[in-house]
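This report concerns only the one structure given below.
The values are calculated or read from the model by the stated rules, or taken from the named source; none is laboratory data. Computed from a predicted structure; not experimentally measured. Cβ placement follows ideal geometry from the backbone for every residue including glycine, while neighbour counts extend to all protein chains displayed. Keep in mind that these areas ignore ligands, DNA and RNA; they rest on the heavy atoms of the full protein, side chains included. Shrake-Rupley method; radii C 1.70, N 1.55, O 1.52, S 1.80 Å.
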Amino acid sequence: MSTTVPSDGALETPALETRGIEPVPHSERTARTRDLFPTWVAANISVLLLTMGATLAATYGLNFWQALVVGVAAPIVSYGLVGLIGIAGRRGGAPGMALSRAVFGQRGNLLPGSLIWIARWGWETINAVTGAYALLTVLDILFGIKSNTFLIIVTLLLFVITTFAISGLGINAVQKCNKWATYLFGGFSVLVLGYLIVDTDWSKVFGQAAGQTSLMITGVGLIAAGGISWVPSSPDFTRYLPPTASSAAIVRNSVGGAGIVVLPLVLMGAVMAVSTPDLASAADPVSFLGAILPLWIVVPYLLIALVGMLLINAMSMYSAGFTAQTLGFKVPRHWAVSVNAVISLVFGGILMLVATSFMGSFIAFLSLLAIAFSAWVGVFGADMLRRKEYDAGALLDTTRTSAYWYRGGFSPAAVAAWAVGLGSGLLFTASDWFTGPLASNNPIGEYGLGWVATIVVSFLLYVVLPKPAVVAPEAEPVKEPAAMAV
């Protein structure tokens, strides 16, 4: 990606990011850790969190204080991992799935890379559908236009085209949009919160009996599963950080940005469900807001939420473009993004026109999505404990001459740990779509923590298995910074 130097000497980057999976030169790594805060705020601007908060109260039977615990614990767990894995992006200056070649081998990386790429199709489809529902709800509220097949296709198409445009431009466009969306969504969320404070029967909210502790743990797993899906993408948003960037600041801004959105949205959903108990089982995840909030709040709030979901999908497709390139697609990143755009359009139409229960499908998908990502997280995280830098040339060399070729292009320890962890997680996972043979009559299955089992098994197995020696880069390795620079 080319740069220009203005009169004040600061580096500027063009609107269109043309850099692919190759590591970013140190001269271009001028980002700041505080830029991660709005990035992870924007990654959670979704009304789906309201619906999941309602699920905690209406389906799991949790009271306000239990929902509060869930809303605090879930982003700490999931986005703590996002921040920790993001440190690898600062070390190597490359996207997560490109750095993953150093762990799994040039050919071995195709296995988790393919699964993660496919899993992203589902995540982007869910967000596209939610965004289309938001637009359909606004049209119904303002103009009385009811949803129909033609309108569903048009709204989905508009959503996907806009997402493609933002993600295709690259990191600068995504981050600038994230900042504005953060301000707007934050302001209107305060309005919604104020309305709920005045309008809610708080004696009924605080009078609700506590639910089972096991279901509270399940709730943490449900909310955290969405954050886990961002972990492999985390280096994509930290690779422009300089080597002196603080590891603590990366983690702090990741957790803080997510937590400041997740907690209030989960609590608002739980409070709404007390007066509207059928909210969690609504036909779609958006239209219920029209029945709960006044017109002057719900319309701008839904439009801003629509922008938020556009940005979530833009971030996901931005990373998916890198994943496609690591799988061997010989096209620029912004064109690789178009593959995911078309897939989310097709799958989104199927979900909106055929599926009978959006929330049931979403929760089932979320549980399996977390398993798919967690197997990679366990192996890659364990490898980070022993690898402090990456060989840029070896990352891009996909031939037998690569230092990351290992045995026939595979790292046996990484591939074995990933496969066993993935299988273990599925054994303990229960959902509407799939139930593992060990999912019942044990705490892991009962609490919906199959993804935790996946991370633990993959991590521990990779630690104990014999591994190839760490390859030192040809250039002077970048050491961990001694000072904490924000």
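If you go through the range 198-228 one residue at a time, how many are over 30 Å from Ser254 (Cα atoms) and hydrophobic (A, V, I, L, M, F, W, C)?
Residues in the range 198-228 being over 30 Å from Ser254 (Cα atoms) and hydrophobic (A, V, I, L, M, F, W, C): 6 in total.
Looking only at the range 449-466, count how many residues are closer than 17 Å to Ala375 by Cβ and either in a loop (DSSP other than H, G, I, E, B) or at pLDDT below 80 (or both). Don't jump to the end; show me each part of the working.
Residues of the range 449-466 closer than 17 Å to Ala375 by Cβ: 449-465.
Subsequent filtering for residues that are either in a loop (DSSP other than H, G, I, E, B) or at pLDDT below 80 (or both) retains 449, 465.
Matching residues across the range 449-466 total 2.
Name every residue in the range 159-208 that is hydroxyl-bearing (Ser, Thr, Tyr) and modelled with pLDDT under 80, in order of residue number.
Initially, the range 159-208 is screened for residues hydroxyl-bearing (Ser, Thr, Tyr), giving 162-163, 167, 182-183, 189, 195, 200, 203.
Passing the criteria: Thr163, Ser167, Thr182, Tyr183, Ser189.
What's the number of the only condition in (1) modelled with pLDDT of 95 or more; (2) over 30 Å from Ser275 (Cα atoms); (3) of a type outside the set (Val, Ile, Thr); (4) buried (at least 21 other Cβ atoms within 10 Å of the Cβ) that Gly93 fails to meet?
Only one criterion in (1) modelled with pLDDT of 95 or more; (2) over 30 Å from Ser275 (Cα atoms); (3) of a type outside the set (Val, Ile, Thr); (4) buried (at least 21 other Cβ atoms within 10 Å of the Cβ) is unmet by Gly93, namely (1).
On the basis of being at pLDDT 80 or above, surrounded by 13 or more Cβ atoms within 10 Å (Cβ to Cβ), over 24 Å from Ser254 (Cα atoms) and hydrophobic (A, V, I, L, M, F, W, C), does Leu49 make the cut?
Values: at pLDDT 80 or above: yes; surrounded by 13 or more Cβ atoms within 10 Å (Cβ to Cβ): yes; over 24 Å from Ser254 (Cα atoms): no; hydrophobic (A, V, I, L, M, F, W, C): yes.
Taking the combined requirement at face value, the residue does not satisfy it.
I need every pair where a residue in the range 19-41 that is over 25 Å from Ile228 (Cβ atoms) and hydroxyl-bearing (Ser, Thr, Tyr) has its Cβ under 6 Å from the Cβ of a residue that is modelled with pLDDT under 90 and surrounded by fewer than 19 Cβ atoms within 10 Å (Cβ to Cβ), sequence separation at least 6 or different chains.
Filtered contacts from the range 19-41: Thr30/Leu11.
Restrict the check to the range 434-447 and report whether at least one residue is under 19 Å from Pro232 (Cβ atoms) and of a type in the set (A, V, I, L, M). Give the derivation first.
Initially, the range 434-447 is screened for residues under 19 Å from Pro232 (Cβ atoms), giving none.
Looking through the range 434-447, none of the residues is under 19 Å from Pro232 (Cβ atoms) and of a type in the set (A, V, I, L, M).
Out of all the residues in the range 184-243, which are among the charged types (D, E, K, R) and within 20 Å of Thr323 (Cβ to Cβ)? Can you show your working first?
Residues of the range 184-243 among the charged types (D, E, K, R): 199, 201, 204, 236, 239.
Passing the criteria: Asp236, Arg239.
What's the number of the only condition in (1) at pLDDT 90 or above; (2) surrounded by 18 or more Cβ atoms within 10 Å (Cβ to Cβ) that Ala280 fails to meet?
(1)
Restricting to the range 323-338, name every residue that is open to solvent by 50 Å² or more (accessible area, probe 1.4 Å) and at pLDDT 75 or above.
Answer for the range 323-338, where residues must be open to solvent by 50 Å² or more (accessible area, probe 1.4 Å) and at pLDDT 75 or above: there is none.
Taking the options Ala314, Ala341, Ala320, Ala394, name whichever one is among the small types (Gly, Ala, Ser) and at pLDDT 90 or above. Give the steps one after another, and end with the answer.
Values: Ala314 fails: at pLDDT 90 or above; Ala341 fails: at pLDDT 90 or above; Ala320 fails: at pLDDT 90 or above.
Checking each option against the conditions leaves just Ala394.
Which pairs do you get when a residue that is under 16 Å from Val470 (Cβ atoms), found in the range 399-412, comes within reach of a residue that is of a type in the set (A, V, I, L, M) and in a loop (DSSP other than H, G, I, E, B), reach meaning Cβ atoms under 7 angstrom, with the pair 6+ apart or on two chains?
Ala403/Val471; Tyr404/Val471
Can you give me the number of residues within the range 211-242 that are small (Gly, Ala, Ser), open to solvent by 10 Å² or more (accessible area, probe 1.4 Å) and either in contact with a Lys or Arg (Cβ under 6 Å, 6 or more places away or on another chain) or not in a helix (DSSP H, G or I) (or both)?
Residues that pass the stated criteria total 1.
On the basis of being in a helix (DSSP H, G or I), open to solvent by 10 Å² or more (accessible area, probe 1.4 Å) and either closer than 30 Å to Thr55 by Cα or touching a residue at least 12 places away in the same chain (Cβ under 8 Å) (or both), does Val70 make the cut?
Numbers: in a helix (DSSP H, G or I): yes; open to solvent by 10 Å² or more (accessible area, probe 1.4 Å): no; either closer than 30 Å to Thr55 by Cα or touching a residue at least 12 places away in the same chain (Cβ under 8 Å) (or both): yes.
Against the criterion (in a helix (DSSP H, G or I), open to solvent by 10 Å² or more (accessible area, probe 1.4 Å) and either closer than 30 Å to Thr55 by Cα or touching a residue at least 12 places away in the same chain (Cβ under 8 Å) (or both)), Val70 does not qualify.
Do we have Gly80 as surrounded by fewer than 24 Cβ atoms within 10 Å (Cβ to Cβ), at pLDDT 95 or above and not polar (S, T, N, Q) here? Lay out the reasoning, then the answer.
Details: surrounded by fewer than 24 Cβ atoms within 10 Å (Cβ to Cβ): yes; at pLDDT 95 or above: yes; not polar (S, T, N, Q): yes.
Judged against the criteria, Gly80 is a match.
Hey, could you check the range 7-40 for residues that are surrounded by fewer than 15 Cβ atoms within 10 Å (Cβ to Cβ) and within 25 Å of Trp180 (Cα to Cα) and say which is modelled with the highest pLDDT?
Step one: of the range 7-40, the residues surrounded by fewer than 15 Cβ atoms within 10 Å (Cβ to Cβ) are 7-12, 14-16, 18, 25-27, 34.
Adding the requirement that they be within 25 Å of Trp180 (Cα to Cα) leaves 10-12, 14-16, 18, 34.
On the way: Ala10: 35, Leu11: 36, Glu12: 42, Pro14: 48, Ala15: 52, Leu16: 55, Thr18: 62, Arg34: 92.
The residue in question is Arg34.
Only one of these is under 18 Å from Phe322 (Cα atoms), of a type in the set (Val, Ile, Thr) and surrounded by fewer than 22 Cβ atoms within 10 Å (Cβ to Cβ): Ile118, Ile161. Name it. Lay out the reasoning, then the answer.
Details: Ile161 fails: under 18 Å from Phe322 (Cα atoms).
Of the residues listed, the single one that is under 18 Å from Phe322 (Cα atoms), of a type in the set (Val, Ile, Thr) and surrounded by fewer than 22 Cβ atoms within 10 Å (Cβ to Cβ) is Ile118.
Looking at Leu426 and the list (1) part of a helix (DSSP H, G or I); (2) more than 22 Å from the chain's Cα centre (by Cα), which single condition is not satisfied?
It fails just one condition, (2).
What residue, among those in the range 426-448 that are closer than 12 Å to Gly221 by Cβ and not hydroxyl-bearing (Ser, Thr, Tyr), is modelled with the highest pLDDT?
That would be Phe428.
When you scan the range 403-428, how many residues do you find that are farther than 14 Å from Leu111 by Cα and open to solvent by less than 10 Å² (accessible area, probe 1.4 Å)?
Here the count works out to 2.
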